[in-house]
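First the structure, in the form of structure tokens, and then the observations on it.
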Amino acid sequence: MIARLHRLFNIIILHFLFGSLAFSQPQQDSVKFSRTNPPIGHISGRLIDSTTQKPLSNATLILSSQQIDPVTKKKTLVGITTVSSSNNGAYSFSNIPLLGRYVMQVDMIGYRSKNIPVSFIAPDGLQKLKALSDSSASQDAESMFEKISEKNINVFLSKETNNLNTVVISATKKQFEMGIDKKVFNVDNNLLSTGQTATEVMRNVPLVNVDIDGNISLRNGSPTLFVDGKPTTLTLDQIPANIIDKVEIITNPSAKYDASGGQGGIVNLVLKKQNKQGYNGGLSGGIDSRARVNVSGNFNVRYSKFNVFASAAYKQRKSISTLNSNLVATQPYPYNLKQTSKTTTDGYFTFVRGGFDYLPNEKNTLTVSGHYVYGYFPSNATQVLDSIKDTKPDSSTISNRITSVGGVFKRYSAQIEYRHDFAKKDHNISAFVNYSSGKYTSVGNYNTFTNFTTLNGGAPINTIFQKNTLYGLNNYLTIQADYANPLHKLLSIEAGVRSAVRWFADTTQQSFAYSIPQNFVPDPNLLANYKYIDQTYAGYINFKGKYKKLGYQAGLRAESYTYKGTLFTKDTSFNIFYPISLFPSVFLTYDLNMNNQIQLNYSRRVDRPSFLQLLPVYDFSDIQNPSIGNPALKPQYTETVELNYNFSYLKASNLLVTFYFKYLNNLITRYQYLGKNISPYGGPDSIIYNTFINSNGSYNYGLELTNTVDIFPWWNCNVNLNIFNVTLNGALDGLGSNFYSLYGKMNHNFKITKTWAVQFSGYYQSKSVLVSVASGSNSNQSSYGQSNAPSGQGFSIPRYSFDIAIRKDFVFHKIHNLSLTLSMSDIFRTQVYGTNTTTNYFTQSYNRRRDPQLITFNASYRFGKFTAPKQKNVKAKSDGSQQDQLDF
């Protein structure tokens, strides 16, 4: 039955996303015992460099079982579980059935891969145990099980080549790895993001939805962005793709993580850093079809107790977007407004990162690191506004608006981190301090020329010149400490504390002139000069363990939050205090067998309104969509329940089925209302403003299917399908919606030859409700180009897009160390972001297109050299491992 359902899933999903059929469930090739709960064992050990005798961390170990493919009737390997080695080289596989034959595959970049056969019982011992278990002497069998349940295997890895002057970088990781707690996307194998930013990386990550402006959502909510396991102030378009090693997706974080960012979970970017003795690095450069270049490089050197790492990137970008909008209003009077515009944003950013690890011994690590980002993105736009009042042609108005905006941002950070590993495995303590600071300035000129107007009987308005100046700065300080201790095989404890303090200051001025020469006069009603500080203090404790097939984790996080703000222009202060709130989480996991696992989890999280969402200052930089903050906003709380089923079939193939339910209380969403007109552009007594409000509540539920499979040895495919419902209960008239929607994404990787590879990806988003994607103060959305926060009073229209890339590897000294990549985004020009909005005052259709069919060419080169200290004499097996096995 499972095999049939699995075939049906692949037919539907792969056909829907231009995929293909996968394989069915294999049968296990092992001795069947009559006992209900088969005995389980534990495999552990360390990974060691065979030359230096030093531990190897961050290696990938895959434990597979030997099974029979029901189609080919041949033996095949089916992956059971995957782990990584820790800082001291330790690894561990738990709850492994004793009565099976396994292969442990060990992979690490720069080292020869190793496949090690593993069994707890020799063949003759297996027959003896079978006889004992089938007889009355079951106690003797259980005694034997206890003796052999612990397997220790120390694995010695050697460099991939005997020529120590040549670096090896040909090891390949699977592009997408799935687990119940998180999903991992390996960026090195993603051709489409070569020479791009983290935004383009996200376009190919399953589960993640990226809109036309680079804002990301996860299950219709805005996730919190982490870098190397910690919250960051960077945005996706400020992080070069070439320095990212992998992306981790955590849909329902435990109490260990910050409670803020409750709608969309966590997206964690793990940056590249190696710890091999010697040095290695890479250089990359490219150009796109708009003659904009990108250059990047990274370097890592490990000598003795020091590991130094550095990376830098310079990227130019030219973005072109077009917009069409049609608005039909009934208030404050009937009129029709058509708008067309074209925006060109041109500029560059620079990213520099560096640091070092000091490892005085295997138990202690001190890391010091920092980064610097500088960006300049001027934009120019032309806009035509065609307005007709009361459907009377003689009351029409045609306005031409020319916009020029120049913006600069700077950001730097410094971090120091310490970790101590105790003698007991997984017993450790760590702490870090991070400080970051940023500045941004912007000057915008908006010149509007109107050839005729009689709106509301007012005098004609011919020319208006508007100038907006913005200056802001922010400083972040974060201090955190964590402790973990496995008290017993059935119980481990994790605990930690965290303090985060953030300072903000901002001055915004809107000035106007009505003739040439332009004598700009600031409008006191539109002046904003404010500063504020917010503070978060938190502590958490987690208990976890496993008994036979049942694993558990229960945790509780306590957080308090305060912020104090002053709006100097209105002599107004904001002092808001949220007392200690509790955020529980519970995870229950049950292993049905080696290849099937289910999990039920629950968590509670929060999104607090940002100061800008609270700030009661009018903004007329977009004269058709003026906005103002709402100081009465409350935090929104999210409670999430997930039921997961993970099925491992064949080698490197996984099917993950997830049912999820989210309830959001006091959902923060956009809202339009009719208010008094204080616009310097004149017009009627009342106009429509955009603001934020809390809805009564919202709930989302859905079924998510994610499958990764090697259809053929040369064809890997991963697909993701999310069928979901979003129901928004409005607190005001006109606010509320209920939609069933579908989101699907595919990614196909073709290994044409050893040196040629092709990647083809695409997505489809059906009609969906507009809820706030970037709410809260912890959003790390795009800082580049436009951003349109959606509204609960409308829906987005269906959209889809496809990308393609091809790569050629050149082989030197038997190594793939030079690659040329050619890619094209939105190859069929199908990606159009559109919305339909309906309120009590107007209906509006809106669509935008941005950067279709952009071609990028990139070249990357990898280099390095390893050193070889004098080898120590170590007794080892011929396969490079030390293994304790009881044969009887």
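Looking at the structure I just gave you, is Val167 within 21 Å of Ile266 (Cα to Cα), among the aliphatic types (A, V, I, L, M) and modelled with pLDDT under 85? Spelling it out, it is not the case that Val167 is within 21 Å of Ile266 (Cα to Cα), among the aliphatic types (A, V, I, L, M) and modelled with pLDDT under 85.
Among the residues of segment 527-549, which ones are polar (S, T, N, Q), touching a residue at least 40 places away in the same chain (Cβ under 8 Å) and within 30 Å of Thr508 (Cβ to Cβ)? Correct list: Asn529, Thr536. One residue alone among Asn720, Asn700 is touching a Pro at 6+ places or on another chain (Cβ under 6 Å) and either touching a residue at least 24 places away in the same chain (Cβ under 8 Å) or not in a strand (DSSP E or B) (or both), and that residue is Asn720. Within segment 651-686, the residues that satisfy the criterion of being of a type in the set (A, V, I, L, M, F, W, C) and surrounded by fewer than 21 Cβ atoms within 10 Å (Cβ to Cβ) are Ala652, Val657, Phe659, Phe661, Leu674, Ile678. Scan segment 625-643 for residues that are in contact with a Leu (Cβ under 7 Å, 6 or more places away or on another chain) and not hydroxyl-bearing (Ser, Thr, Tyr) and the total you get is 6. One residue alone among Lys570, Lys564 is open to solvent by 40 Å² or more (accessible area, probe 1.4 Å), more than 21 Å from Lys182 (Cα to Cα), modelled with pLDDT under 85 and not hydroxyl-bearing (Ser, Thr, Tyr), and that residue is Lys570.
If you check Lys389, Lys338 for being touching a helix residue (DSSP H, G or I) at 6+ places or on another chain (Cβ under 8 Å) and surrounded by 14 or more Cβ atoms within 10 Å (Cβ to Cβ), only one passes: Lys389. Screening segment 423-474 for residues that are of a type in the set (Lys, Arg) and modelled with pLDDT of 90 or more and picking the one that is surrounded by the most Cβ atoms within 10 Å (Cβ to Cβ) gives Lys467. Scanning segment 292-304 for residues that are within 13 Å of Tyr348 (Cβ to Cβ) and hydrophobic (A, V, I, L, M, F, W, C), we see that the one that is least open to solvent (accessible area, probe 1.4 Å) is Val293. A single member of Asn644, Asn575 is free of Cβ contacts under 8 Å to residues at least 60 places away in the same chain and polar (S, T, N, Q), and it is Asn575.
Can you pull out every residue in segment 565-595 that is among the aromatic types (Phe, Trp, Tyr) and either assigned to a strand (DSSP E or B) or within 21 Å of Ala554 (Cα to Cα) (or both)? Can you show your working first?
At the first step, the residues of segment 565-595 found to be among the aromatic types (Phe, Trp, Tyr) are 568, 574, 577-578, 583, 587, 590.
Hits for segment 565-595 are Phe574, Phe577, Tyr578, Phe583, Phe587, Tyr590.
Looking at Ile533, Ile516, Ile541, just one residue is over 22 Å from Ile429 (Cα atoms), surrounded by 16 or more Cβ atoms within 10 Å (Cβ to Cβ) and among the hydrophobic types (A, V, I, L, M, F, W, C), and that residue is Ile533. The residues on offer are Ile687, Ile623, and the sole one that is farther than 15 Å from Gly221 by Cα, β-branched (Val, Ile, Thr) and assigned to a strand (DSSP E or B) is Ile687. Apart from one condition, Asn625 fits all of (1) surrounded by fewer than 19 Cβ atoms within 10 Å (Cβ to Cβ); (2) under 20 Å from Gly261 (Cα atoms); (3) not acidic (Asp, Glu); the exception is (2). Total residues in segment 628-650 satisfying the condition of being surrounded by fewer than 19 Cβ atoms within 10 Å (Cβ to Cβ) and part of a loop (DSSP other than H, G, I, E, B): the figure is 5.
The rows are residues; the columns are (1) within 30 Å of Asn677 (Cα to Cα); (2) touching a residue at least 40 places away in the same chain (Cβ under 8 Å); (3) over 27 Å from the mean Cα position of the chain (by Cα).
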{"residue": "Ser254", "(1), (2), (3)": "no, yes, no"}
{"residue": "Gly261", "(1), (2), (3)": "no, yes, no"}
{"residue": "Leu269", "(1), (2), (3)": "no, yes, no"}
{"residue": "Lys272", "(1), (2), (3)": "no, no, no"}
{"residue": "Gly278", "(1), (2), (3)": "no, yes, yes"}
{"residue": "Ser284", "(1), (2), (3)": "no, yes, no"}
{"residue": "Val301", "(1), (2), (3)": "no, no, yes"}
{"residue": "Lys318", "(1), (2), (3)": "no, no, no"}
{"residue": "Asn336", "(1), (2), (3)": "yes, yes, yes"}
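Residues in segment 508-533 that are in contact with a Lys or Arg (Cβ under 9 Å, 6 or more places away or on another chain) and among the β-branched types (Val, Ile, Thr): Ile533 only. Any residue in segment 90-116 that is within 22 Å of Pro39 (Cβ to Cβ) sitting within a Cβ distance under 7 Å of a residue that is buried (at least 18 other Cβ atoms within 10 Å of the Cβ) and of a type in the set (Lys, Arg)? List the pairs, counting only those 6 or more apart or interchain. The qualifying pairs are Ser94/Lys546; Asn95/Lys546.
Within segment 819-849, track down each residue that is basic (Lys, Arg) and open to solvent by less than 20 Å² (accessible area, probe 1.4 Å).
Correct list: Arg848 only.
The values are calculated or read from the model by the stated rules, or taken from the named source; none is laboratory data. Remember, predicted model here, so these are calculated numbers, not experimental data. All Cβ positions, glycine included, derive from the backbone under ideal geometry; neighbour counts span all protein chains shown. Protein only, heavy atoms only, side chains kept; ligands, DNA and RNA dropped before computing areas. Shrake-Rupley method; radii C 1.70, N 1.55, O 1.52, S 1.80 Å.
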